[in-house]
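As structure tokens, the structure follows; a few thoughts come after it.
Throughout, read-outs are computed from the coordinates displayed, never taken from laboratory work. Computed from a predicted structure; not experimentally measured. Every residue, glycine as well, gets a Cβ built from its backbone with ideal geometry; the counts of neighbours run over all protein chains shown.
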Amino acid sequence: MPNYLFLSIRPEKKPGCDALIFHCHSSMDISTGNELEYEEQVCYWKSRVNIHIENVMEIDCVCDALVLPVTEGDAKLYDSLGPSVAKALRKASSKEFGGKRNEVLLIPAPEDIRPERILLAGLGEKRKVSAEVMRQAGGKAAAYLRDMGMKKIAVSTFVFPHLDLLPMDFVEGSVLGLYTYDRYKGERKKKKVSSIIILGRPTDEVEADLAWTKTMTSAVCFARDLVNTPSNDMTPSQLAKEALSLKRKNLSVKVLERKDALRTGMGAYLSVARGSGEPPKFIVLEYEGSSEAPVVLIGKAITFDSGGISLKPSEGLEKMKYDMAGGAAILGVMKAASESKLPLHLIGIVPAAENLPGGSASKPGDVVRTACGTSVEIINTDAEGRLVVADSICYARRFKPRAVIDIATLTGACSVALGNEAIAMMGNDRELLDAFRRAGESTYERVWEMPLYEEYGEYLKSDIADIRNVGGRSGSLVTAAFFLSQFAGEVPWVHLDIAGTAWVEKEKPHMPKGASGVGVRLLLTGLKELR
Ligand code: BES
Ligand code: ZN
Ligand code: ZN
């Protein structure tokens, strides 16, 4: 029985996290003197904001700030809150506040009402207000109030029926806008919003809406955490631990090691991990919310993509930690599906590996074999995403799925074509494609379909193998997807390229800089439609 000496144990409660984390520094096995493996209890983002519905009048709500969403020039809508509020709003809206989109104004509340302050939150022109405008307004209002030191905030829902919109979009935006990633900061944000009160009648429908919003936003924040964590801490092994932490009665998680993947014949996937000292982890999750054939969800999880021997230029290379954003989205989706007990059978596959140019790295010209038996000539080791996703699709087929959906930061060409505004989508099944297009519109994680003409097959012809992994510069967004289509075969399949949307450079009120968590809301919304 070895003796363990923990030289220092520092229990710490991370902000935004409900779990206690035990950092066991320099733990040592006394009998051998060896350093023990660094143990860290897995922690994921969990909203510490308490969000609930209260059936009280605006003027009777005890809070630091009452948020009144206002369309341009329409503050008079709130005249019904009484003469003192009407007077205060008239005064504010004459000069300082017009109600433009994302404009905010915090004013002291009149003495005769219970909220301490009123925040006017601009929605812009009434005819242009949409769910996305609401999310942004929610993000702006919540983050602004947090920065002003407000803890307890209440939101009036009075305006929503007038706009034919739901208050939950505002709440969704608030939670997404309050997200911060300060794990490595010495000084962490002390200001925190502790509760958001939604004013209104708590009907079953509204309660269900709120529960769904909480589940979904917490999954987005979880995915953001995984992606924001630098690759020295978010290795394939750590990602596997994070996945294992999601294990529940209704969610099973297993991790295939290198030797297991070898036995399964996943030569393309394994070739990507060869140049790194970090062992690959092929993560498989199953949530059986129905007895039907499963929908398999695959998320590319390259925890760092250096390009391998086909090394990428160093400019911006630090961002290549986000090459596992597809995998993070799938972990978020599986967590949310099991939490909310979606009536679907889902299998999540997260092929994790690091793409580095070590001495054993695969080289241009190498030929590898996928689990489907197809041989692939590696022309460029930087086109590694399609190798890991191809083997995942082969693996997915053993479940006889009703659909396969993959999500991946697959090509730089995706952002060249669509910038940061849309996900590129390709696939072989009209119904699936349409479901995700609609989900894209409603979540504003918009998707744009690209063609998969059979002629693209010519681009991928290899002289010595069944297929090559790149098709040249032209059409490289599409040829990457065409490569994958060869493994999907007849199985209904959709591919989502999130290279342009997974990382936020220019922040929005509900999208702070860094990982966007894209895909979580899109997939959950699309999947709900498939039921
Ligand atoms: N992970 C990259 C794609 C990427 C680029 C994601 C920029 C996010 C931002 C992928 O593995 C890759 O390197 N693709 C190559 C393919 C090429 C070699 C055919 C690319 O797009 O340049
Ligand atoms: Zn690459
Ligand atoms: Zn990559």
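Okay, here's what the table says:
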item	result
Cβ-Cβ FRET estimate between Arg201 and Asp260, R0 fixed at 51 Å, reported to 0.05	0.45
Placed amide H near Asp182: partners under 5 Å, 5+ positions off or other chain	none
Degrees between helix 476-488 axis and first principal axis of the chain (Cα, 0 to 90, nearest 10)	70 degrees
DSSP-loop trypsin sites (Lys or Arg not before Pro) across segment 395-494, with at most 13 other Cβ within 10 angstrom	Lys461, Arg473
Pair-distance profile P(r), taking every C-alpha pair of the chain, with 10 angstrom steps and integer %	4, 18, 27, 23, 16, 9, 3, 1, 0
Ellipsoid equivalent to segment 201-360 - semi-axes via the Cα gyration tensor, in Å	32, 19, 11
Per DSSP, loop GluC sites (Glu not before Pro) in segment 433-490 with at most 13 further Cβ within 10 Å	Glu454, Glu455, Glu490
Segment 450-455 - phi-based ³J(HN,Hα) in whole Hz, Karplus 6.51/-1.76/1.60, Gly and Pro as x	10, x, 10, 5, 5, 4
Kirkwood-based shape ratio for segment 418-531, expressed as Rg/Rh from alpha carbons	1.02
Estimated distance in nm for a label pair at Val56 and Ser252, the labels positioned 7 Å out from Cα along Cα-to-Cβ	4.8 nm
Helix 430-443 vs. the chain, principal-axis angle (Cα, 0 to 90°, nearest 10)	40 degrees
Label point distance in nm, Glu441-Ala86, each placed 7 Å from Cα along Cα→Cβ	4.0 nm
Residue-averaged 222 nm ellipticity for the chain, from DSSP H runs of 4+ at -39500 (n - 2.57), nearest 500	-10000 deg cm²/dmol
Whole-number percent relative contact order across the chain, with pairs defined as alpha carbons under 8 Å at least 6 apart	13 percent
Antiparallel bridge percentage (DSSP; both residues within segment 50-202; nearest 5)	20 percent
Cβ charges +1 (Lys, Arg) and -1 (Asp, Glu), total dipole of the chain, debye	940 debye
In nm, spacing of pseudo-spin labels at Glu292 and Arg398 (7 Å Cα→C-beta vector)	2.5 nm
At q = 0.17 Å⁻¹, base-10 log of I(q)/I(0) for segment 307-464 (Debye sum, equal scatterers on each alpha carbon)	-1.34
Cβ-derived FRET efficiency at R0 30 Å, Glu507 paired with Leu530, nearest 0.05	0.40
Amide hydrogen neighbours beyond the local backbone of Ala371, cut-off 5 Å, H modeled	Gly267, Ala268
Summed residue charge, Cβ within 11 Å of Gly326's Cβ, Lys/Arg positive, Asp/Glu negative	-2
Calculated Rg and Dmax of segment 163-230 using C-alpha coordinates, Å	14.5, 45
Percent antiparallel among DSSP beta bridges (both partners in the chain, rounded to 5)	50 percent
Of Gly73, Ala86, Ile118, farthest towards positive along the dipole that unit charges on Lys, Arg, Asp, Glu beta carbons give segment 50-202	Ile118
Segment 233-530: C-alpha gyration tensor shape, a/c 1.5 cut-off, then a/b vs b/c	rounded
Cα centre as origin, Lys/Arg/Asp/Glu Cβ charges: segment 338-447 dipole, Debye	440 debye
Loop trypsin sites (Lys or Arg not before Pro), segment 288-393 (other Cβ atoms within 10 Å of the site Cβ: 12 or fewer; DSSP)	Lys341
Test item: Cα-centred dipole of segment 392-485, Lys/Arg +1 and Asp/Glu -1 on Cβ, debye	320 debye
Using alpha-carbon coordinates, inclination of helix 204-228 to the longest axis of the chain, degrees	50 degrees
Distant alpha-carbon pairs in segment 50-202 (separation over 23 angstrom), percent	31 percent
